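*Asks:* Just dropping this structure here.
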Amino acid sequence: MRFGDLPSWAIELSTLIREAICLGDVNVGVGSKMTNEDEDACPLPSDLLWREPFFDQMIANRYNPGEGICAHVDLMRFDDGIAIVSLESACVMHFSQAEPTGTVLDTGHLKKGDREPTKIPVYLNPGSLVVMSGDARYLWKHEINRKPGVQQWDCRELEQHRRTSVTLRKLLASPS
Ligand SMILES: O=C(O)CCC(=O)C(=O)O
Ligand SMILES: [Fe+2]
């Protein structure tokens with residue numbers, strides 16, 4: 001895990017991520033203003049896309065076959081606009097809605113499992129980039145369950161190998 005000055009390869013990766021976002025469905029020139037339509041189609045609003053530094057915290061995770069990460073929303077100490085680069089083994093990341101605090105589930109009246117949340121599967125190839133912002137970052141949990149039998153895509157179980165991910169985030173300024 002690295003905070004502050006990122007290694008040069010992670011700075012280069014951050015630049016490539018920004019370029020990939022700019023060259024995605026909407027083509028946004030460096031520093032240029034986006035129209036409202038562009039803003040809607042772009043995975044990041046322009047204040048996050050052009051902040052400096054883009055990211056200042058990096059964590060690389062390596063998972064052996066069978067290992068994954070349980071459903072979570074990233075810590076609130078990180079700003080909006082989080083990027084994950086998925087490497088090596090392909091996998092399926094699932095998104096499920098986080099229970100707002102104060103709901104029946106949250107207060108314990110509903111037993112876990114009474115209402116299974118809908119899970120949205122997202123297939124990640126080696127080299128896939130996940131960009132989370134807004135609701136996807138704050139209101140949806142993400143998880144990768146690599147227990148045998150769970151990693152399914154197109155009605156087939158995915159072959160599991162070692163998987164590495166690089167997550168880039170921006171720390172929020174600590175309250176003074
Ligand atoms: O390994 C991944 O793709 C997810 C990592 C992650 O969600 C995290 O570090 O918060
Ligand atoms: Fe996460």
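The values are calculated or read from the model by the stated rules, or taken from the named source; none is laboratory data. Every value quoted in this text rests on a predicted model; they were computed, and no experiment measured them. Here the Cβ is made from the backbone with ideal geometry for all residues, glycine too, and neighbour counts use every protein chain on show. Heads up: the accessible areas ignore ligands, DNA and RNA and are worked out on the full protein's heavy atoms, side chains in. Shrake-Rupley method; radii C 1.70, N 1.55, O 1.52, S 1.80 Å.
This table checks each residue for (1) aliphatic (A, V, I, L, M); (2) exposed (fewer than 14 other Cβ atoms within 10 Å of the Cβ); (3) within 16 Å of ligand 1 (Cβ to nearest atom); (4) on the phi < 0 side of the Ramachandran plot.
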{"site": "Leu44", "(1), (2), (3), (4)": "yes, no, no, yes"}
{"site": "Asp47", "(1), (2), (3), (4)": "no, yes, no, yes"}
{"site": "Phe55", "(1), (2), (3), (4)": "no, no, yes, yes"}
{"site": "Arg62", "(1), (2), (3), (4)": "no, yes, yes, yes"}
{"site": "Glu67", "(1), (2), (3), (4)": "no, no, yes, yes"}
{"site": "Leu75", "(1), (2), (3), (4)": "yes, yes, yes, yes"}
{"site": "Phe78", "(1), (2), (3), (4)": "no, no, yes, yes"}
{"site": "Gly81", "(1), (2), (3), (4)": "no, no, yes, no"}
{"site": "Ile84", "(1), (2), (3), (4)": "yes, no, yes, yes"}
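*Asks:* Something else now. Taking His161 as the residue in question, decide whether it is over 11 Å from the mean Cα position of the chain (by Cα), modelled with pLDDT of 95 or more and open to solvent by 50 Å² or more (accessible area, probe 1.4 Å).
*Replies:* In short, yes.
*Asks:* Give me the pairs, please: first residue somewhere in segment 128-156 and aliphatic (A, V, I, L, M), second residue anywhere and modelled with pLDDT of 95 or more and open to solvent by 90 Å² or more (accessible area, probe 1.4 Å), beta-carbon distance under 8 Å, and either six or more positions apart or on two chains.
*Replies:* Leu139/Gln97
*Asks:* Which residues, counting only those in segment 116-146, are assigned to a strand (DSSP E or B) and hydroxyl-bearing (Ser, Thr, Tyr)?
*Replies:* Across segment 116-146, the qualifying residues are Tyr123, Ser128.
*Asks:* While we're on this one: Answer yes or no as to whether Val92 is at pLDDT 95 or above, open to solvent by less than 30 Å² (accessible area, probe 1.4 Å) and within 15 Å of ligand 1 (Cβ to nearest atom).
*Replies:* Here the answer is yes, as Val92 does meet what is asked.
*Asks:* Within segment 118-155, which residues are open to solvent by 80 Å² or more (accessible area, probe 1.4 Å), closer than 23 Å to Leu49 by Cβ and of a type in the set (D, E, K, R)?
*Replies:* Across segment 118-155, the qualifying residue is only Asp135.
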